[in-house]
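So the structure is just underneath, and the comments pick up after that.
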Amino acid sequence: MSARRSRKAPFKACTKCKALVPHEVTKCPICGNESFTENWSGVIIVLDPENSKIAKSLGIKKKGKYAIRLGA
């Protein structure tokens, strides 16, 4: 039996807009929020928010990486 290793996620998610940013970032580059969580799941990468139906349905207006869900 091997023990499961817990790995730290490479990003943290903004609690307001769900943007994924590196751990050293202190202010969200998308919305300016300063509150983050490491408890998120799923990733969506938006390249062209103006023409993306998924981005529009999620309310995403700027390109970037976003968490799909916050919390466990």
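The numbers here are math on the coordinates, done by the rules we state, and not lab data. Quick caveat: nothing in here was measured; it's all calculated off a predicted structure. Note: ideal-geometry Cβ built from the backbone for every residue, glycine included; neighbour counts use all protein chains shown.
So in the range 37-47, with the set limited to residues that are free of Cβ contacts under 8 Å to residues at least 24 places away in the same chain and β-branched (Val, Ile, Thr), which one is surrounded by the fewest Cβ atoms within 10 Å (Cβ to Cβ)?
The qualifying residue surrounded by the fewest Cβ atoms within 10 Å (Cβ to Cβ) is 45.
Out of the range 13-47, which residues are more than 15 Å from residue 68 (Cβ to Cβ), in a strand (DSSP E or B) and touching a Phe, Trp or Tyr at 6+ places or on another chain (Cβ under 8 Å)?
Result: 21, single match.
Could you list, in sequence order, the residues of the range 48-63 that are of a type outside the set (Lys, Arg), in a loop (DSSP other than H, G, I, E, B) and loosely packed, with under 15 Cβ neighbours inside 10 Å? So that I can check it myself, show each step before the final result.
Residues of the range 48-63 that are of a type outside the set (Lys, Arg), as a first pass: 48-52, 54-55, 57-60.
So of that shortlist, the ones also in a loop (DSSP other than H, G, I, E, B) come out as 48-52, 59-60.
Of everything in the range 48-63, those that are of a type outside the set (Lys, Arg), in a loop (DSSP other than H, G, I, E, B) and loosely packed, with under 15 Cβ neighbours inside 10 Å turn out to be 48, 50, 51, 59.
Among what's in the range 15-36 and is more than 9 Å from the chain's Cα centre (by Cα) and among the polar types (S, T, N, Q), pick the residue that is surrounded by the most Cβ atoms within 10 Å (Cβ to Cβ). Walk me through it before giving the result.
Taking the range 15-36 first, the residues more than 9 Å from the chain's Cα centre (by Cα) are 16, 22-36.
With the extra rule that they be among the polar types (S, T, N, Q), the set shrinks to 26, 33, 35.
On the way: 26: 8, 33: 13, 35: 8.
Only one residue tops the list, namely 33.
How many of the residues making up the range 58-72 are among the β-branched types (Val, Ile, Thr) and more than 11 Å from the chain's Cα centre (by Cα)? Explain how you work it out, then say what you get.
Step one: of the range 58-72, the residues among the β-branched types (Val, Ile, Thr) are 60, 68.
Next cut, more than 11 Å from the chain's Cα centre (by Cα) only: 60.
Within the range 58-72, residues that are among the β-branched types (Val, Ile, Thr) and more than 11 Å from the chain's Cα centre (by Cα) number 1.
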